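Chemist: Once you've had a glance at the structure underneath, I'll fire off some questions.
The values are calculated or read from the model by the stated rules, or taken from the named source; none is laboratory data. Just so we're clear, the structure is a prediction, and the values are computed from it rather than from any experiment. All Cβ positions, even for glycine, are placed from backbone atoms using ideal geometry, and neighbour counts span all protein chains on display. The accessibility values were calculated without ligands, DNA or RNA, using every heavy atom of the protein model including side chains. Shrake-Rupley method; radii C 1.70, N 1.55, O 1.52, S 1.80 Å.
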Amino acid sequence: MVDANDKLAYFQAITGLEDTDLCEEILTAHGWDLELAISSFTTTANHTPSPEDPSDSGTTSIVSDFGGDGLRSIPQSSHQSGQSSNAVAAPGFAWRIITLPISVISGSLGLISRAVGLGLWAAGGVLSYSVGMIGLRVGRDGEASAQLLSVPAVGNEAVQFVARFEQDFGTRRPNFVSEGFMDALQRSRNSFKLLFVYLHSPDHPDTPSFCERTLCSEMLVAYVNENFVSWGGSIRASEGFKMSNSLKASRYPFCAVVMAATNQRILLLQQVEGPKSPEEMLSILNRVVEESASVLGTARHEAEQRRINVRLREEQDAAYRAALEADQARENQRREEQERLEREAAEAERKRQEEEEARERAAQEAAEKEAALARMRQEKALSLGAEPEKGPDVTQVVVRFPTGQRKERRFHSTALIQSVHDFVDSLGCVDAESYSLVSNFPRVVYGPEKLSLSLKEAGLHPQASLFLELNS
């Protein structure tokens, strides 16, 4: 499917009309049928002009100013077409009758040629759209391709033109780029040069001599190669035919100087029609270069300034990123240090709590143990009963402690040695849980195996002196 903008652009290229609104009205009137609109326009445009028709007057203004930068409109030079300034009388009726078949044949050939060009363009548009549907229709810098012909097609045409030109006229020639017109225009913009355009008409009788003597002359070739980007195309090829209509070429050999303008427009600075000598061509081109020098210099300066600004912005961005990374590194280090201190503080707090809990448990256990000992002493003291009075059946027992302390008590002679142990335990003078009571003369140890003996049976009646020894 061909886009309406492509139809409009091609209609303008074929007809040479620059008024977009007028072209849209013509296409709308013909239901956006491009072939019908072109056929209708060419049929209307091929009428024989009258002597009063203003379209046949004088020279034509080629370009508008660059927008206030000093380069004004450049009219066609009086020496570039070789036309006489005197008006030519209109042909008579008989002459029109005689030349009518020739006009019909010429018009028919023009329509056939334009129809062939239209068919190639439509096929290119369908192919471009089909490739775009699978995601491959991407032009330079990622933008959708706006070329009316596919890049391989126009590039192949340019390669064929250069090869045929070298075959016919030798290798000393302008350095025609082997790429499409729009790519050549972009190349000239990037290199801040004008684009020299040569439209080759193989069948024109002036073409061979112009190419050999003028276009391939040593001084013109050197000047063009130094100051221009060159593009050439044959009007037999699709893009050459399209450019001949866009540039309104009416006479051959045809040369033009163009440059890229805003909004993807082409600015035509100069066109040279008809044969010219090398000196004439050099003079014309030199004048265009001088008049365009300020514009190209300004563009070069602005581009350099943009590059400087971009580089400065990139350096500022790099410095900002480096500073940001340094700040982030310091922040990460500070956070890691803070996290480490928090972990150490948490670990210290955990240990402190564990130690405090351990102390509390130990204190509680000690208190519980002390309470248990107190209860045990109290229970054993109660189990001893009241101390008996002195008498024949009462035994006097003295217990000496390792500290030098001595305690004594009276027991019934029938009381068990366990009662003496209970008496020692009830005093709370010994913290040791394991001890023995020992007599010196003779040395007798009253250990666990003798706890069930009575004092009398153990030979401790009527009195006894015992020492308390701690068991290891």
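Chemist: Output the residues belonging to segment 283-301 that are open to solvent by less than 50 Å² (accessible area, probe 1.4 Å) and either outside any helix (DSSP H, G or I) or out of contact with any helix residue (DSSP H, G or I) (no Cβ under 6 Å at 6 or more places or on another chain) (or both).
Modeler: Selection gives Ile284, Leu285, Val288, Ser292, Val295, Leu296, Gly297, Ala299.
Chemist: Can you find a residue in segment 402-411 that is open to solvent by 50 Å² or more (accessible area, probe 1.4 Å), of a type in the set (S, T, N, Q) and over 21 Å from Pro448 (Cβ atoms)?
Modeler: Scanning segment 402-411, I find at least one residue that is open to solvent by 50 Å² or more (accessible area, probe 1.4 Å), of a type in the set (S, T, N, Q) and over 21 Å from Pro448 (Cβ atoms), so the answer is yes.
Residues are listed down the side, and each one gets a yes or a no for (1) outside the structural domain of Ala222 (by the TED database); (2) within 28 Å of Gln186 (Cβ to Cβ); (3) open to solvent by 60 Å² or more (accessible area, probe 1.4 Å):
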{"position": "Val258", "(1), (2), (3)": "no, yes, no"}
{"position": "Ala261", "(1), (2), (3)": "no, yes, no"}
{"position": "Arg265", "(1), (2), (3)": "no, yes, yes"}
{"position": "Pro278", "(1), (2), (3)": "no, no, no"}
{"position": "Ala303", "(1), (2), (3)": "no, yes, no"}
{"position": "Ala318", "(1), (2), (3)": "yes, no, no"}
{"position": "Ala323", "(1), (2), (3)": "yes, no, no"}
{"position": "Ala326", "(1), (2), (3)": "yes, no, no"}
{"position": "Glu339", "(1), (2), (3)": "yes, no, yes"}
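Chemist: Hey, another quick one. Could you list, in sequence order, all residues of segment 193-233 that are surrounded by 14 or more Cβ atoms within 10 Å (Cβ to Cβ), charged (D, E, K, R) and farther than 25 Å from Ala299 by Cα?
Modeler: Hits for segment 193-233 are Asp206, Arg213.
Chemist: Moving to a separate point now. May I ask you to say which residue of Gln418, Gln396 is in a strand (DSSP E or B), open to solvent by 20 Å² or more (accessible area, probe 1.4 Å) and either in contact with a strand residue (DSSP E or B) (Cβ under 7 Å, 6 or more places away or on another chain) or closer than 16 Å to Ala458 by Cβ (or both)?
Modeler: Every option except Gln396 fails the conditions.
Chemist: Here's something else I'd like to know. Quick one: Phe467 ticks every box in (1) open to solvent by less than 50 Å² (accessible area, probe 1.4 Å); (2) in contact with a Pro (Cβ under 9 Å, 6 or more places away or on another chain); (3) aromatic (Phe, Trp, Tyr) except a single one, so which number is it?
Modeler: Phe467 satisfies all of (1) open to solvent by less than 50 Å² (accessible area, probe 1.4 Å); (2) in contact with a Pro (Cβ under 9 Å, 6 or more places away or on another chain); (3) aromatic (Phe, Trp, Tyr) except (1).
Chemist: Could you check segment 194-227 and list, in sequence order, the residues that are part of a loop (DSSP other than H, G, I, E, B) and over 18 Å from Leu282 (Cα atoms)?
Modeler: Within segment 194-227, Ser201, Pro202, Asp203, His204, Pro205, Asp206 qualify.
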